[in-house]
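Note sheet for the following structure.
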Amino acid sequence: MPITVPAYGKEAAGRLASMADVTADDGALRRFLHGLPGVDAVGLEARAATLGTRSIKTTAKAYAIDLAISMIDLTTLEGADTPGKVRALCAKGVHPDPTDRTSPKVAAICVYPDMVATAKEALGDSGIHVASVATAFPAGRAALPVKLADTRDAVAAGADEIDMVIDRGAFLSGRYMDVFEEIKAVKEACARPDGTAAHLKVIFETGELQTYDNVRRVSWLAMLAGADFIKTSTGKVAVNATPPVTLLMLEAVRDFHTTTGVQVGVKPAGGIRTTKDAIKYLVMVNETLGEPWLTADWFRFGASSLLNDLLMQRQKLSTGRYSGPDYVTVD
């Protein structure tokens, strides 16, 4: 499955350049972000709930399950991670269901920077990407040179994608330009000597951002700074991805694309555990952004346990019965 880094066409690049005044200085950026329309919380939550009630037929469900599997960033981000655990996760990503080779591969394996080389070797020419968290994940509490070194080390080890975390303290203090410049610097650190670059996903930790208005502001800020993807959460806090927050980010991506012509991806992460959950998110993507975003190039699930439920539901559709608890591996 080829997964591409966006290349801006001349028209899109020109339209994005036309917004340069917005980021010319801290005052201009602040005026723009605070000039965005306020979020109607009641309306947002009602729309997310309504989209979550959509039902799909069996044939569509089978398609949705395979699509969701192909969009997973299969993740292990624990202090106890070992090379053996990472290799086992890579093997599962390549062949999620060893008894059924028609099962699609996952999109990426997501690990800490020191496990990138192990994952890269294990995945070989499978086409699955290696994603690495960076910038002092998950808290982001480190000096910028440390964050940039973290990013460069991961890219040098072979990371295809970098999942960075923003400085939430700076954002909540109103230091928007600091956050903007940091994202830009990390984007530059994703570059390789051959002129290519790792894909940059920017994690907001939306559970700490306090308001929907802040989620809309940080979405625009990250996209203006060059994010290839915007991502809800680290999965390390109490509140991770939620349907209303993800819907709000999808709407921001839609509006950004309308304004600039630049397509940006979205990745909800944390707390998405069931096939029913995954399908709700796919419905939101389809209804908000349309078919162009229904691909692993532009939408991902950050998950570890979700894959197992998708595999069990997949087998239920093909055989008419659920498997026992030993059908899928426990990560």
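What to note about this one:
- Global geometry of the chain, whether rounded, prolate or oblate, following the gyration tensor of its Cα atoms and the 1.5 cut on a/c: oblate
- Computed Kirkwood radius, in angstrom, where 1/r is averaged over Cα pairs of the stretch 93-142: 12.2
- Förster radius 25 Å - calculated FRET efficiency between residue 239 and residue 91 (Cβ-Cβ, nearest 0.05): 0.20
- Per-pair calculated FRET efficiency, R0 = 41 Å: residue 36 and residue 60 via Cβ, rounded to 0.05: 0.70
- Percentage of interatomic Cα-Cα distances in the stretch 172-331 larger than 20 Å: 55
- Comparing 314, 152, 175 in a Gaussian network model of the chain, where Cα atoms under 10 Å apart are tied by springs, the biggest mean-square fluctuation is seen for 175.
- Based on Cα contacts under 8 Å between residues 6+ apart, the stretch 176-331 shows a relative contact order of 18 percent.
- Solvent-accessible area of residue 321, all protein chains in place: 140 Å² (probe radius 1.4 Å, heavy atoms, ligands and nucleic acids excluded).
- Nonlocal amide H pairs with residue 289, under 5 Å, H built at 1.01 Å: none
- Summary value for the chain: 20 percent relative contact order, contacts being C-alpha pairs under 8 angstrom separated by 6+ residues.
- A straight Cα-to-Cα reach below 30 Å connects residue 316 with the lysines 57, 61, 85, 92, 105, 267, 276, 280, residues fewer than 8 places away in its own chain not being considered.
- Counted charge near residue 103, where neighbours are those whose Cβ lies closer than 13 Å (Asp, Glu -1; Lys, Arg +1): +1
- Of 178, 213, 125, the order by accessible heavy-atom surface (1.4 Å probe, DNA, RNA and ligands excluded), from most exposed downward, is 125, 178, 213.
- A straight chain from residue 78 to residue 21 at 0.36 nm per residue would run longer than the Cα-Cα distance by 16.3 nm.
- When 188, 161, 287 are compared by accessible surface with a 1.4 Å probe, the order from highest to lowest is 188, 287, 161.
- Mean residue ellipticity, 222 nm, helices only, the chain: the sum of -39500 (n - 2.57) across DSSP H runs of n ≥ 4, divided by residue count and rounded to 500, is -14500 deg cm²/dmol.
- Cα shape, the stretch 33-148, gyration tensor, a/c 1.5 rule: oblate
- Residue 47 contributes an accessible area of around 90 Å² to the protein surface, as traced by a 1.4 Å probe with all chains present.
- Between the stretch 49-116 and the stretch 228-301, the Cα center-to-center distance that results, in Å: 16
- Expressed in Å, the radius of gyration and Dmax of the Cα atoms of the stretch 128-241 are 13.2, 41.
- Stretch gain in nm, segment residue 121-residue 194, where the contour uses 0.36 nm per residue and the Cα spacing is subtracted: 24.2 nm
- In this view, the solvent-accessible surface of residue 166, computed with a 1.4 Å probe and all protein chains in place, comes to about 0 Å².
The values are calculated or read from the model by the stated rules, or taken from the named source; none is laboratory data. From a predicted model like this one, the values you see are computed outputs, not experimental measurements. All Cβ positions, glycine included, derive from the backbone under ideal geometry; neighbour counts span all protein chains shown. Ligands, DNA and RNA are excluded from the accessible area calculation, which covers all protein heavy atoms including side chains. Shrake-Rupley method; radii C 1.70, N 1.55, O 1.52, S 1.80 Å.
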